[in-house]
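The values are calculated or read from the model by the stated rules, or taken from the named source; none is laboratory data. Here the structure is a predicted model, which means the values were calculated and not measured. Cβ: placed from backbone, ideal geometry, glycine included. Neighbour counts: every protein chain shown. With ligands, DNA and RNA removed, areas are computed over all heavy atoms of the protein, side chains included. Shrake-Rupley method; radii C 1.70, N 1.55, O 1.52, S 1.80 Å.
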Amino acid sequence: MADQKAALEPWQWPDEQWRTLVNRVRAGRTLRPERWRDDARCAVALSFDSDHETNELRDGGTSIGRLCWGQYGNRVGVPRILKVLERYDVRASFYVPAVTALLHPDEQRRVAAAGHEIGIHGWIHELNSALPYEVERDLLMRSADALERIAGVRPVGLRTPSWDFSPHTLRIEKEMGLLYDSSLMADEDCYELLLDGEPTGVIELPVEWVRDDAVYFMMHRFQSLRPYTPPADVLDIFRRELDAAYEEGGLFQLTMHPHVIGYRSRIWILEEIIRYARSRPGVWFGTHAEVVDWAKRQTA
Ligand SMILES: [Zn+2]
């Protein structure tokens with residue numbers, strides 16, 4: 001592949017080359033049901049990626065400071081999130097690297113006991129595109145086993161770490177019999193994933209950076225540039241996404257992180273977006289698995 005790249009510049013590629021690349025993983029049919037469960041006009045799917053210490057470990061990092069930051073996600077972030085979800089009787093999806101689950105098994109049991117979904121999020125938050133097929137497959141299978149062993153429920157969905165999707169990821173998801181993926185962004189509604197032009201039966205519940213808390217709040221200690229969006233502005237962006245989903249009768253999906261949204265000055269965003277959604281008639285909150293299941297059955 002590298003030789004091929006070196007031999008030809010992209011503008012010299014034969015049509016077949018870019019067509020094959022583009023068609024490897026594509027969006028197939030859209031799955032937007034007429035009505036959502038409970039005759040709702042809009043579905044809300046909230047998710048939390050419990051990366052915790054794997055944020056540091058995934059790159060081979062050994063910083064005690066950054067590992068402590070990961071522990072904050074477990075000690076403060078997740079409990080605070082669970083409290084808000086319980087207060088408003090909302091069920092959500094938590095994507096958990098196996099190493100996080102092994103470090104914090106009680107957290108996963110608590111999340112599952114509260115009725116939330118636990119989905120696959122890699123072994124140690126590795127980048128799938130850096131792995132050969134066999135290694136990626138082995139890690140994802142072992143991750144599913146670890147989550148099932150710890151939380152007591154077999155996961156049915158995968159969110160690839162860093163939303164990094166290898167040329168083999170979809171094939172592995174199909175082999176594992178997963179119901180859905182939640183790492184790609186070809187739409188705002190759910191859609192069926194095509195592999196080399198063929199329907200796979202695996203459903204995508206799309207994500208987007210614009211609906212991800214980390215994009216607005218993360219900073220790098222040793223870079224002078226520290227992009228930072230005020231929390232009120234982040235709520236404004238999320239609310240506009242929700243408003244439009246409501247108008248269209250579609251899906252509003254959100255990705256958050258316990259070590260990002262869990263802080264005192266930010267957790268209110270979660271509470272406010274839930275209160276706002278609840279204030280409008282015909283909004284249904286579902287886990288990602290429930291949303292996909294509903295969309296799939298209603299559009300079969
Ligand atoms: Zn993650």
Probe 1.4 Å, protein heavy atoms only - accessible area per residue of the chain in square angstrom: 48
Cβ-based net charge around Gly60, under 14 Å, with every Lys or Arg adding one and every Asp or Glu removing one: -2
Projected area, mean over directions - segment 190-287, Cα convex hull, nm²: 8.8
Stokes-Einstein D in µm²/s, Kirkwood radius over Cα pairs - segment 214-260 at 37 °C with 0.692 mPa s viscosity: 265
C-alpha center-to-center spacing [segment 196-268, segment 273-300] in angstrom: 17
Tensor-based shape of segment 141-221 (alpha-carbon gyration tensor, a/c under 1.5 rounded, otherwise prolate or oblate): oblate
Fraction of accessible area attributable to carbon and sulfur, the chain (%, probe 1.4 Å): 51
P(r) tail fraction, segment 6-145 - alpha-carbon pairs more than 27 Å apart, %: 43
Helical contribution to [θ] at 222 nm, DSSP H n ≥ 4, -39,500 (n - 2.57), averaged over the chain, rounded to 500: -12000 deg cm²/dmol
Approximate shape of segment 22-66 as ellipsoid semi-axes (Cα gyration tensor, √5λ), whole Å, largest first: 38, 20, 5
Enclosed volume per residue, in Å³, of the convex hull spanned by Cα atoms of segment 70-146: 86
Ranked by how many other beta carbons lie within 10 Å on average, peptides 199-205, 37-43, 286-292, 82-88 from highest: 286-292, 199-205, 37-43, 82-88
Value in Å of the Kirkwood radius, where segment 260-300 supplies the Cα pairs that are averaged: 12.3
Antiparallel DSSP beta bridges within the chain, as percent of all bridges there, nearest 5: 30
Values of log10 I(q)/I(0), in the order q = 0.15 Å⁻¹, for the chain under a Debye, Cα-only, solvent-free model: -1.23
Heavy-atom accessible area ranking, 1.4 Å probe, most first, across Trp69, Trp284, Trp209, Trp11: Trp11, Trp209, Trp69, Trp284
Charge context of Arg280, other residues only, Cβ under 13 angstrom, K/R +1, D/E -1: +2
